[in-house]
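Read-outs throughout are calculated quantities, based only on the coordinates presented, and are distinct from any laboratory measurement. This is a predicted model, so every value here is computed, not measured. For neighbour counting, all protein chains shown are included, and Cβ atoms are generated from backbone atoms with ideal geometry for every residue, glycine included.
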Amino acid sequence: MSVPISPTPARWATRAEALAPFLAMEVLERAAELERAGIDIAHLELGEPEFAPPAAATRATMEALARDDTGYTDSRGIWPLREAIAEDLERRFGQSVTPERVLVTQGTSSAMTLVFSCLVEAGDEVLIPTPHYPCYPNFVRFCGAKPIFVPTKAENGWHIDPERVRRAITPKTKAIIIGSPANPTGAVQPREVMEALAQMGPTLIADEIYDGLVYDGVETTSAITLGENHFVLDGFSKRYAMTGFRLGWVVAPESAMRRLQILQQNLFISASSFVQHAGIAAIEEGAQMTADLVEACGERRTLLVDGLRRLGFGIDHDPEGAFYVLADARAFGDDSRALAFELLERAHVGITPGIDFGEAAEGRLRFCYALSPDTIETALTRLEPVLAELSSGASGNLKIGDRNREKEGLA
Ligand SMILES: Cc1ncc(COP(=O)(O)O)c(C=O)c1O
């Protein structure tokens, strides 16, 4: 008897169906369709610095390619890069870390995949202070576990209240994941908060991809300095404007390294060989580029924050770090997803809906400011007339929600 072959399974895997779309990417992908139709879009939706990577990193990539350095590498990364990352950590935080505790990945996202796969399983809970990076709860759900959100508030500078985190801990709590400096709020958690989180019991996973991108003399606290049992995620995408290189790393407890190595061998084999040489060059020669990026972002932050306030957005605190503003947009509509897509279609400005970062950020929009002054000015100019119309209620702003949900294939 022949078995009928179905072109698609009756049901997709629960883990695939559990994931929500990453709305920043959905905005980008709709923007790309508009661009293909000849429309110019001002992109403020992505966490992508509009800056060139360190010249030395590009050169090192091309030199590696020219000598055919294009094979697989040690799954943990090439030794000189692991050494360079360890030395850089010591330079930045005064804390020595052995290269053996560093594992190089294809971007911080892959580091997150490895760490969550290693730690989290069905039945576990993971605490996530919110607003949060959109992918954190999706990684948790992907592992069959449950994200538990711990809200933070704009009026407290989005700082975490360790007591609220402590109260959310149950016997099922496996880990706490935080980002500092944070996407989307720009909050930098004070040292006492970091210390409290590190001592709470559940494993601390610290996403430090925006470390070093801070303003007004604010200081960051790396989980590296709080003991050897924490997982620290980091990468080259932000500080060195190397998003497309796909290069990151995790610093892990010694006891986790073999597990992570085996996961890496199976899931990714290794990060790209020639890109790893770019990583060494970025660490050795990219400090000036990062300093220039921070200086520029400091100026662009003022340009964007002042401009948004003028347009009627609410911004309680200037962001302390990273390169985003999470602005209160309720003067223009409560449904952030509908509002972001409406502004994309009508003003041709890409912005990320607050709801991408959790319920605590609904009614807000996230804008990136690691951009040229031209891009920021263009966005502000284009937004003004459309927002004026929305706030006057002339276009019946909240009705737009359903229309856009349909457009996104979510209705
Ligand atoms: C907080 C945070 N973590 C991780 C990532 C992913 O970075 P990567 O490009 O290194 O995969 C991002 C990207 O925007 C981010 O904002």
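With the charge dipole of the range 56-285 set up from +1 on Lys and Arg Cβ and -1 on Asp and Glu Cβ about the Cα centre, the Cα lying farthest toward the positive end among the listed residues 241, 255, 165 is that of 165.
Given only helices, namely DSSP H runs of n ≥ 4 each adding -39500 (n - 2.57), what is the per-residue ellipticity at 222 nm of the chain, to the nearest 500 deg cm²/dmol?
Details: 14 runs with 169 residues, N = 411.
One gets -13000 deg cm²/dmol as the mean residue ellipticity at 222 nm.
Taking only the alpha carbons of the range 228-307, we obtain Rg and Dmax values of 16.4, 50 Å in that order.
Only Lys, Arg, Asp and Glu count, each charged at its Cβ (+1, +1, -1, -1), so figure out the dipole size of the chain about its Cα centre, rounded to 20 debye.
Working: 39 positive and 58 negative charges, 247 e Å.
That gives a dipole near 1180 debye.
Taking a virtual spin label 7 Å from the Cα of residue 374 along the C-beta vector, which residues in the range 24-40 bring their backbone nitrogen under 18 Å of it? Within reach of a label on residue 374: 39-40. The calculated FRET efficiency for the pair residue 391 and residue 109, based on their C-beta separation and a Förster distance of 45 Å, comes to about 0.75.
Taking 7 Å steps out from each Cα toward its Cβ at residue 155 and residue 303 produces label points 3.4 nm apart. Compared with the dominant Cα axis of the chain, that is its longest principal axis, helix 336-347 is turned about 70°. Extending 7 Å from Cα along the Cβ direction at residue 52 and again at residue 254 yields two label points whose distance is 4.4 nm. Compared with the direct C-alpha span, the chain from residue 359 to residue 265 gains 30.2 nm at full extension, assuming 0.36 nm per residue. Computed on the range 56-285, with alpha-carbon pairs under 8 angstrom and 6+ residues apart, the relative contact order is 31 percent. Across the options 140, 198, 270, the greatest Cα extent toward the positive end of the charge dipole of the range 56-285 (unit charges at beta carbon of Lys, Arg, Asp, Glu) belongs to 140. The rule of thumb for compact globular proteins, 2.2 N^0.38 Å, goes into the C-alpha radius of gyration of the chain 1.00 times.
Around the Cα centre of the range 115-223, unit charges on the Cβ atoms of Lys, Arg, Asp and Glu (plus for the first two, minus for the last two) sum to a dipole of about 480 debye. Since only 215, 22, 51 are under comparison, the one whose Cα sits farthest along the positive direction of the charge dipole of the chain, derived from C-beta charges on Lys, Arg, Asp and Glu, is 22. Simple point charges give the picture: +1 on the Cβ of Lys and Arg, -1 on the Cβ of Asp and Glu, and for the range 56-285 a dipole about the Cα centre of about 720 debye. For the range 75-122, the convex hull drawn through the C-alpha positions has a volume of 91 cubic angstrom per residue. Computed from Cα positions, the angle between helix 23-36 and the longest principal axis of the chain comes to roughly 70 degrees.
Taking every alpha-carbon pair under 8 Å whose residues sit at least 6 apart, the chain reaches a relative contact order of 23 percent. Each principal axis of the Cα cloud of the range 56-285 was evaluated for its coordinate range; sorted largest first, these ranges are 56, 42, 29 Å. Here the Gaussian network model covers the chain, with springs between Cα atoms less than 10 Å apart; of 14, 225, 381, 14 fluctuates the most.
In this simple spin-label approximation, residue 229 and residue 34 carry label points 7 Å from Cα along the Cα→Cβ vector, and these lie 4.9 nm apart.
Identify the residues of the range 255-283 with backbone N under 19 Å of a label point that sits 7 angstrom from the Cα of residue 90 along the Cα-to-Cβ direction, or state none. The answer is 280-283, whose backbone nitrogens lie closer than 19 Å to the label point. Residues of the range 214-237 falling in the label zone of residue 164, defined by backbone nitrogen less than 14 Å from a point 7 Å along Cα to beta-carbon, are absent.
Between residue 122 and residue 331, residue separation times 0.36 nm minus the direct Cα-Cα distance comes to 71.1 nm.
A simple packing score, the average count of other Cβ atoms within 10 Å per residue, orders the peptides 146-154, 31-39, 339-347 as 339-347, 146-154, 31-39, with the highest score first. Helix 373-391 and the long axis of the chain differ in direction by around 40°, with both axes built from C-alpha atoms.
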